[in-house]
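Undergrad: Mind having a look at this structure? Questions to follow.
Read-outs throughout are calculated quantities, based only on the coordinates presented, and are distinct from any laboratory measurement. The structure displayed is predicted, hence computed values, not measured ones.
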């Protein structure tokens, strides 16, 4: 990664794709992990942490997806 003066980071597209895949997989694990996972997270942190993690992962995955998607008319 290379930091720019404006605070943005330049990330190789393959690394961004791997990170996005990881975030998507983690989101699926949290959504479908079952009651034991939910209970473990609530016991270790707090009852609202599971929902918070799902929301944050979805938000970051969405932002990364938008940042790495080439839109028509843009190069």
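Undergrad: What angle do you read, to the nearest 10 degrees and between 0 and 90, between the alpha-carbon axis of helix 13-32 and the longest principal axis of the chain?
TA: 20 degrees
Undergrad: Bin by bin, in steps of 10 Å, what percent of the Cα pairs in segment 8-68 do you find, going until the bin that has the longest distance?
TA: Taking every Cα pair in segment 8-68, the percentages come to 22, 44, 23, 11.
Undergrad: Given a cut-off of under 8 Å on Cα pairs at least six residues apart, what relative contact order in percent is computed for segment 8-68? Let's see the in-between values first.
TA: Values: 29 pairs, mean separation 27.2, N = 61.
RCO, segment 8-68: 45 percent.
Undergrad: Then there's this: Between the helical axis of 35-44 and the dominant principal axis of the chain, each derived from Cα atoms, what acute angle in degrees is found, rounded to the nearest 10?
TA: Rounded to the nearest ten degrees, it is 90.
Undergrad: Note the full-extension length gain between residue 69 and residue 11 as 0.36 nm times their separation in residues minus their Cα-Cα distance, in nm to one decimal. Walk me through the numbers on the way to the answer.
TA: Values: separation 58, 0.36 × 58 = 20.88 nm, distance 1.35 nm.
In short, 19.5 nm is gained.
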